[in-house]
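For reference, the structure is listed below as structure tokens.
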Amino acid sequence: MLVTNDTIAFEKYHLYPTKGLLNDPNGLVFFKGQYHVFYQWNPKACDHKYKEWGHFISDDLKTWRRVESALKPSLENLDSAGIYSGAAFVKDDRLYVFYTGNVRDAAGHSVKSSQMWAVSDDGIHFEKLGELFPHPAGFTKDVRDPMVWQGDNGHYFLILGAQHDNQVGDIIIYESVDFKNWTFKGSLLGDQLRDVRGYMLECPGLITVDGKQILMFSPQGLAPDHVHHRYENIHNTGYVIGTFDETTARFQVETDFEEVDQGFEFYAPQTMNAPDGRRIMWGWAGMMTPEREAAVPTIATADWVHVLTVPRALHVTADNHLVQQPIQEILAPTVLDIQSLDHLTVGQYRVQTDADWSVALGDHATLKRVGQTLYFERQQWEDHRLDTRQMTGNLDELLLIVDNDVIEVYTEDGLQVMTGRYF
């Protein structure tokens with residue numbers, strides 16, 4: 001089983017909750033010989049009214065075990081209504097996690113966010129260290145999702161997704177020389193990327209892959225571009241490549257904003273550095289409209305909802321495009337003659353053909369190739385409306401990871417990926 005201490009396996013390849021709602025992957029880190037995946041979790045219900053940090057641990061990235069939650073709400077007026085997304089950082093053989101604490105009023109409305117941190121010596125038991133700094137002026141309560149790294153100059157940097165008082169999204173940055181006292185440095189982006197700010201930018205990550213710096217984030221509020229098949233989900237995730245200036249604490253964007261995944265469900269990705277130097281990413285395969293989320297069939301059948309993607313190794317091409325492939329540890333594909341099939345069943349498959357084909361997923365979804373375009377057609381379960389996502393390019397070699405109710409499709413060159421649920 002993927003999760004070795006579960007008695008029932010809901011998925012074969014994807015991490016899932018045993019009950020309640022899972023969303024963003026958090027605090028991905030290799031620490032003291034083990035891989036840690038924390039995640040947003042509401043064990044009380046299949047909604048977003050409560051959050052703590054659920055926790056998986058692995059020795060090999062192939063099998064995982066579920067351990068006790070790492071962080072739960074406990075601090076009045078700081079994180080009493082939820083432990084929201086954040087990241088991990090190893091320093092002096094201790095594991096520090098940074099997260100956003102949420103506070104709600106008597107009516108259940110979110111009214112305050114605070115940037116928090118905690119520390120652990122064993123990666124399982126954490127001591128909360130309190131609030132990092134006051135809420136920045138000029139921003140609404142929607143400031144969240146800290147990510148921390150150490151620069152070449154030895155200073156520490158912390159970025160956050162944010163919403164200005166004028167309802168425009170941004171990424172803001174703090175700097176510290178001692179890992180304790182943080183100075184607000186303003187916008188990481190300045191006036192750049194105005195066309196993809198939306199009303200909020202979530203889950204920012206500034207990482208280095210193959211010597212190139214990638215800024216990845218999840219805008220909310222972008223208008224769909226159906227002509228170019230962009231931004232067609234309720235919220236989206238993308239990246240730019242550029243250069244971070246440690247002196248000015250600004251990121252100079254050098255490429256266009258590109259979406260990470262062309263499918264129906266992919267959001268809030270986070271990465272870890274593996275000990276062999278690989279940068280590995282997980283995403284949340286669950287961002288959807290409230291109506292669709294409430295109607296996900298697993299809620300009615302087993303009182304749980306949403307999964308994480310499989311871990312993906314990242315690379316960057318010479319012309320600055322992101323490459324994603326499932327890590328080798330989890331791969332065992334068989335070559336599939338897809339033209340001879342009507343339905344796909346759970347498994348990992350390589351498809352090698354230049355011909356057109358069509359195959360069903362479950363009872364209400366179809367994957368089909370027409371020329372150089374791959375279509376993922378799905379009858380939405382909440383309203384039975386037919387919807388389509390697509391990717392165009394080199395489709396002669398594909399990798400399919402098919403689970404009980406989620407599929408990931410990768411082109412062999414890793415330049416395009418589609419992720420989506422099906423029932």
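The values are calculated or read from the model by the stated rules, or taken from the named source; none is laboratory data. Values in this document were obtained by computation on a predicted structure and should not be read as measured data. Don't worry about glycine lacking a Cβ; one is built from the backbone with ideal geometry, like all the others, and counts go over all protein chains shown. To get the accessible areas, we keep the full protein, side chains included, count just its heavy atoms, and leave off ligands, DNA and RNA. Shrake-Rupley method; radii C 1.70, N 1.55, O 1.52, S 1.80 Å.
Sorted by average packing, counted as other Cβ atoms within 10 angstrom per residue and highest first, what order do 94-106, 410-422, 380-392 take?
410-422, 94-106, 380-392
Peptides 344-350, 6-12: what's the order by average Cβ count within 10 Å, highest mean first?
Details: 344-350: 15.9, 6-12: 13.4.
Answer by packing, highest mean first, reads 344-350, 6-12.
Rounded, prolate or oblate: which fits the range 1-137 when a ≥ b ≥ c are the square roots of the eigenvalues of the alpha-carbon gyration tensor, with rounded for a/c under 1.5 and prolate only if a/b beats b/c?
Details: a/c = 2.59, a/b = 1.30, b/c = 1.99.
Since a/c reaches 1.5 but b/c is at least a/b, the shape of the range 1-137 is classed as oblate.
Once phi is turned into ³J(HN,Hα) by the Karplus curve 6.51 cos²θ - 1.76 cosθ + 1.60 with θ = phi - 60°, what whole-Hz value does each residue of the range 247-255 show in order, with x for glycine and proline?
6, 9, 6, 10, 9, 8, 6, 10, 9
Using a basic spin-label model with each label point 7 Å from the Cα along Cα→Cβ, how many nm lie between Gln379 and Asp195?
Label-label distance for Gln379 and Asp195, simple model: 3.8 nm.
Give a residue-ordered list of calculated ³J(HN,Hα) values for the range 364-370 (Karplus: 6.51 cos²θ - 1.76 cosθ + 1.60, θ = phi - 60°; whole Hz; x for Gly, Pro).
Per residue, the Karplus-derived 3J(HN,Hα) values read 9, 9, 9, 10, 8, 10, 9 Hz.
Shape of the range 228-283 from its Cα gyration tensor (a ≥ b ≥ c, root eigenvalues): rounded if a/c is under 1.5, otherwise prolate when a/b > b/c, or oblate?
It comes out oblate by the Cα gyration axes.
Apply the Karplus parameterisation 6.51 cos²θ - 1.76 cosθ + 1.60, with θ equal to phi minus 60°, to every residue of the range 20-36 and state each ³J(HN,Hα) to the nearest whole Hz, in sequence, with x for glycine and proline.
x, 10, 9, 9, 3, x, 9, x, 5, 6, 9, 9, 6, x, 10, 9, 10
Accessible area per residue of the chain at 1.4 Å probe, in Å²?
Value returned for the chain: 39 Å² of accessible area per residue.
Can you tell me the dipole magnitude for the range 80-151 around its Cα centre, using point charges on the Cβ only (Lys, Arg +1; Asp, Glu -1), in Debye to the nearest 20? Don't skip to the answer; put the middle values down first.
Values: 7 positive and 9 negative charges, 61 e Å.
Roughly 300 debye for the range 80-151.
In a shell of Cβ-Cβ distance under 11 Å around Lys19, excluding Lys19 itself, what net charge do Lys and Arg (+1) and Asp and Glu (-1) give?
0
Under the rule a/c < 1.5 gives rounded, and otherwise a/b versus b/c splits prolate from oblate, where does the range 321-423 land using the Cα gyration tensor?
rounded
How much net charge surrounds Ile327 when only other residues with a Cβ under 13 Å from its Cβ are counted (Lys, Arg +1; Asp, Glu -1)?
Details: positive: Lys62, Arg278, Arg279, Arg312; negative: Asp60, Asp276, Glu329, Glu408.
Summing Lys/Arg as +1 and Asp/Glu as -1 gives 0.
Got a sec? Charge dipole of the chain, +1 on Cβ for Lys and Arg, -1 for Asp and Glu; which of Phe10, Ser176, Pro269 is way out at the positive end?
Value: Ser176.
Magnitude of the Cβ-charge dipole of the chain, K/R +1 and D/E -1, about the Cα centre, nearest 20 debye?
860 debye
Quick one: if you stick a label point 7 Å off each Cα along the C-beta vector at Ala107 and Asp47, how many nm between them?
1.5 nm
Quick one: with all protein chains in place, what share of the accessible area of the chain is carbon or sulfur, to the nearest percent (1.4 Å probe)?
49 percent
Please name whichever of Leu206, Gly190, Ser120 sits farthest to the positive end of the charge dipole of the range 84-221, dipole taken about the Cα centre and charges placed at Cβ: Lys and Arg +1, Asp and Glu -1.
So the residue furthest toward the plus end is Gly190.
With Cα extents along the principal axes in Å as the read-out, I listed (1) 105, 52, 49; (2) 62, 47, 43; (3) 62, 61, 40; which label goes with the value calculated from this structure?
Evaluating Cα extents along the principal axes in Å on these atoms matches (2).
What number comes out for the charge environment of His228, summing +1 per Lys or Arg and -1 per Asp or Glu over other residues with Cβ under 12 Å away? Write down the numbers at each step before the final one.
Values: positive: Arg230; negative: Asp225, Glu232, Asp256, Glu258, Glu259.
Summing Lys and Arg as +1 and Asp and Glu as -1 gives -4.
Taking the Cα centre as origin and putting +1 on Lys and Arg beta-carbons and -1 on Asp and Glu beta-carbons, what dipole magnitude results for the range 117-268, to the nearest 20 debye?
Computed about the Cα centre, the dipole is about 380 debye.
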